[in-house]
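So the structure is just underneath, and the comments pick up after that.
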Amino acid sequence: MERVLQKMRPSTASIQALILALVVAGAASQVTGQAGTGQTVIQKATEQFENNPLKTTVLGQGLFMFSGDGGDVTAIVDNGSTLLIDSGMDTRVTELSDAIFKAAMRPVTSLVNTHWHFDHTGGNVFFGSAGVTIIAQENVKKRLSSVQSVPFVGLRDGHYPPEALPTVTYSSSMTLHQGPQQLLLVNYGSAHTDGDTVVYISPANVAVVGDIFSNHFYPIIDLASGGSIDGVIHSLDEILARTDEQTKIVPGHGPVATRANLEEYRDMLVQVRQRIVDLIAAGKTIDEAVAAAPTREFDAKWGSGYVPPNVFTKMVFSSLTYGGSTGR
C-alpha cells in the first residue's frame, strides 16, 4: 500500500514536501512494533478485523453494539426499522447484516458514518444499494468521493461508488429521531479526521464517539484528512462535558467504556502531547523524539493495538510540527 499523502493539510509547498519526505523516507521504520516486520498498521488492523469473532452487546432496550468486524457498529431499533451507526468491513458485511437482523428483527433504513475510514464505511455499498439512507458530516462525502491516503499507517482507499456515499450531510450538528430515542450528531472540528461525528443518544444516555477514542489503543491521527492531536483532545473535552458517570461510551474499537475510561485516555494524550512539545522545543528531530520514547509509561496499556508507540509518536510530532502550533 502507498504511504504518500494524496492531500496535505498545510498550505505551503515546502511543508507539503517535508511531510511527504518523512512518510516515504520513514517507510521502513513506521510499521515496526505491534504491526510486525513487513506489515503496515492497516494490514495488521485488517488481519485483526477479518479474523476476530463478531460479538453482539446489548446497550439497552432496542440498542445493540456489534464489535469485531472493523469499527464498532451501533444499532438503534424502533417498532419498524433499525438505524445503524457505522457499517464495518466490506468483507464481513453479510455476516454483520445477519447479526443485526437477528438482534433487531427490523430492516435497516438509515446509516450514520462517524468518519470516512474503510473499517467504518466498508458496508456502505451493501446498505446503500439496498436503499438505506446514509448520513454523515459533509467532509465524509468529500473524502469517500476521491482517493485518499493516510500517512504513517499504509492506508490508501477510495473512491467509493455513488450508492456508498452519504445522501444526507450536515456541517456542525443535526438531530435525528429513532423511536423513543433522540440522536444528536455533532462535529467538534477536525480531530481524528475532518469529518468526525459524535452521536449522543438520549434518553438511553449512550455516546458513540468513533475513532476519536479506541478502547484501549493509541489512536490514528489522520493528518491528510485534517486530523490533529489538539483536535482530538478538544473533542474529548467536549464529550466529557456532555456525559456523566452513567453514560455508556461506544468507542471506535474495543469494548463499551465509561466516562472514567475516557478521562484516563484524554489525560494520557495530554501527557504524551506535552512531552513531544518539549522534545520539539529542544530541537529534536522526529527520529530523536521516537528514540526518547515519550509514550513509554503508557505502552503496556495503550500500545497493544495495531498502532505501535513509534507510529503514534510520529503522528503526534507531525501534527504539532507541521499541522499546528506547539503551544496551547
The chain: most fluctuating residue of Val125, Val290, Val270 per GNM, C-alpha cutoff 10 Å | Val270
What ranking do 175-183, 150-158 get when scored by the average of other Cβ atoms within 10 Å per residue, highest first?
-> 150-158, 175-183
For segment 45-200, state what percent of all Cα-Cα pairs lands in each successive 5 Å bin, counting from 0 Å until the bin that includes the largest distance.
-> 2, 10, 20, 23, 22, 15, 7, 2, 0
Expressed as a fraction of 2.2 N^0.38 Å, the rule-of-thumb size for a compact globular protein of N residues, what is the C-alpha radius of gyration of segment 38-84?
-> 1.47
Tell me, what ³J(HN,Hα) does each residue in segment 91-101 have, in order and in whole Hz, if you take phi through Karplus 6.51 cos²θ - 1.76 cosθ + 1.60 with θ = phi - 60° and put x for Gly and Pro?
-> 6, 10, 5, 5, 4, 5, 4, 5, 5, 5, 5
Any chance you could run the full-extension gain for His159 through Leu184? It's 0.36 nm times the residue separation minus the Cα-Cα distance, nm to one decimal.
-> 6.2 nm
Distance in nm between label sites at Lys284 and Ser304, each 7 Å beyond Cα in the beta-carbon direction?
-> 2.6
Quick tally, 1.4 Å probe accessible area for Ser172, Ser67, sorted with the most first, runs Ser172, Ser67
Between 0 and 90°, nearest 10: helix 309-322 axis offset from the chain longest Cα axis = 80
Measuring from label point to label point, each 7 Å out along Cα→Cβ, what is the Ser173 to Glu138 span in nm?
-> 1.7
Cα-based Rg of the chain normalised by 2.2 N^0.38 Å, two decimals | 0.95
Take the alpha-carbon centre of segment 211-229, take the same for segment 246-286, and report the distance between them in whole Å.
-> 10
Under 18 Å from the Arg242 label point (7 Å along Cα→beta-carbon), backbone N, segment 75-89 | 75-76, 84-86
Nonlocal amide H pairs with Val307, under 5 Å, H built at 1.01 Å = Tyr218
Based on the alpha carbon coordinates of segment 109-218, what radius of gyration and maximum Cα-Cα distance (Dmax) apply, in Å?
-> 13.8, 42
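The values are calculated or read from the model by the stated rules, or taken from the named source; none is laboratory data. Everything numeric in this text was worked out from a predicted model, so none of it was measured. Glycine also receives a Cβ, built like all others from the backbone with ideal geometry; neighbour counts cover every protein chain displayed. Surface areas here come from the heavy atoms of the whole protein model, side chains and all, with no ligands, DNA or RNA. Shrake-Rupley method; radii C 1.70, N 1.55, O 1.52, S 1.80 Å.
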